[in-house]
Amino acid sequence: MNITSMQNPDTVAVIGGGAAGMTAAGALLKAGKNVTLFEPNKQLGCKLSITGKGRCNLTNDCTPAEFLQNVTRNPRFLYSAINAFSPADTMALFESLGVPLKTERGRRVFPVSDRARDVVDALSHYCRGAHTVREKAVEITSDGGRVTGVRTGSGFYPASAVILASGGCSYPRTGSDGSGYALASALGHTVTPLIPSLVPLESCDPDCAAMQGLSLKNVSLRITGKNRKSLYEDFGEMLFTHFGVSGPMILSASAHLRDCDWEECLAHIDLKPALDEKTLDRRLLSDLGAGANRTLSNILAGLLPSLLIPVCLRKTAILPETRGHDLTREERRRLLCFLKDFSFPLSGFRPIEEAIVTSGGIDVREVNPGSMMSRLVSGLYFAGEILDVDAYTGGYNLQIAFSTAQAAARAVLKTG
């Protein structure tokens with residue numbers, strides 16, 4: 001059957017059935033446009049359904065100005081998009097789609113149900129009028145510098161505009177396999193280097209693996225690079241794993257380590273950030289006095305998690321059987337230094353397949369920030385993770401998807 005003859009050439013093609021693609025398709029359909037949505041997965045929103053550990057932190061309840069402060073790559077590019085469709089607009093959209101929302105610590109916004117599937121179902125309903133093609137787009141065709149349609153393995157679909165919202169290359173099993181970069185490159189677009197972001201970090205220090213499963217809360221983290229220059233600082237939670245470290249602070253830190261010299265990268269943890277050195281030293285003296293006849297391993301149980309005690313003693317070169325009354329001033333100083341600056345090397349990112357988002361993508365200098373339209377090919381628009389923009393954890397990256405998708409849809413409607 002001739003697919004071309006069945007299609008309206010005024011159709012808008014949306015490539016990618018994720019957060020950005022469904023949002024763009026829904027906005028276009030609401031305005032009366034014909035939409036063909038290309039998504040090879042059996043279900044829409046596969047990656048969206050696993051975000052936030054299955055709860056979907058869909059945005060952050062902040063102002064546009066605050067939002068931009070949390071964008072780590074090309075924040076200025078998003079100025080128009082985020083002001084035109086803000087976190088408040090995203091919240092209003094989902095409430096209108098029947099998804100009650102709640103705001104938690106850090107102003108993270110979740111569905112009241114704690115079910116990412118509710119967000120996916122709402123967006124699927126939002127774009128239900130689209131003609132969905134369950135095939136991968138293999139080419140965006142153009143003629144005279146303007147898009148003409150999309151080609152799949154089985155045929156050609158004419159289109160007056162194409163919104164490329166195929167995601168990055170993290171979590172490829174969800175369909176976010178990086179194929180959209182090749183589609184854009186074939187039309188002359190530049191793809192900046194792709195690296196993982198919001199990803200756990202590896203360490204060659206065997207003590208990390210020895211503490212696998214240990215979660216630290218209410219600690220301070222500082223990451224330093226060459227010449228001990230501070231690259232990132234934070235306060236919160238982290239987790240030791242068999243390969244290194246993970247957890248909220250670590251994921252956020254990874255967004256700042258794009259150009260890190262791993263040979264000189266160190267993580268520094270203040271295990272007692274609420275106490276200055278003098279106060280902590282008085283606490284140590286008190287504990288040592290109260291446990292004068294007990295072993296240091298036993299005394300430290302009141303200060304440290306059990307998995308951390310052997311590491312502490314190893315790094316401070318103190319014998320575990322040392323009694324409280326036998327601890328020397330120098331040993332107490334080393335113990336104090338460990339509590340305030342437990343440091344270990346970092347050796348790199350975990351694989352990009354484990355990253356929450358991809359850092360890098362379509363060079364934003366080749367995209368109009370107001371319309372998301374290509375500066376190289378008329379009628380070609382971009383939305384979501386495929387662009388070289390990314391942000392911290394906390395709902396900011398999904399907000400980028402929603403804002404850029406709405407910007408692209410508005411621009412398509414404006415051009416007719």
Any residue in the stretch 369-379 that is assigned to a helix (DSSP H, G or I) and out of contact with any Cys (no Cβ under 6 Å at 6 or more places or on another chain)? no
Counting only helices (runs of 4 or more DSSP H) entirely within the stretch 38-112, those with at least 1 residues that are in contact with a Ser or Thr (Cβ under 7 Å, 6 or more places away or on another chain), modelled with pLDDT of 95 or more and among the hydroxyl-bearing types (S, T, Y) are 87-96
Matching residues in the stretch 398-416 - criterion: being within 13 Å of L58 (Cβ to Cβ) and either out of contact with any Ser or Thr (no Cβ under 9 Å at 6 or more places or on another chain) or without any contact (Cβ under 8 Å) to a residue 12 or more places away in the chain (or both): I400
Consider P75 carefully, then state whether it is surrounded by fewer than 19 Cβ atoms within 10 Å (Cβ to Cβ), of a type outside the set (A, V, I, L, M, F, W, C) and closer than 22 Å to A161 by Cα. no
State whether the residues of the stretch 319-333 include one that is in contact with a helix residue (DSSP H, G or I) (Cβ under 9 Å, 6 or more places away or on another chain) and among the β-branched types (V, I, T). yes
Has the stretch 384-400 got at least one residue that is part of a loop (DSSP other than H, G, I, E, B) and among the small types (G, A, S)? yes
Tell me, please, whether a residue that is touching a strand residue (DSSP E or B) at 6+ places or on another chain (Cβ under 9 Å), in a loop (DSSP other than H, G, I, E, B) and closer than 30 Å to L93 by Cβ can be found in the stretch 406-416. yes
In the stretch 323-347, anything surrounded by fewer than 17 Cβ atoms within 10 Å (Cβ to Cβ) and within 35 Å of the chain's Cα centre (by Cα) is listed as C337, D341, S343, P345, S347
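The values are calculated or read from the model by the stated rules, or taken from the named source; none is laboratory data. Bear in mind the structure is a predicted one, so any value in this text is a computation, not a measurement. Reconstructed Cβ throughout: ideal geometry from the backbone, glycine too, with neighbour counts over all protein chains shown.
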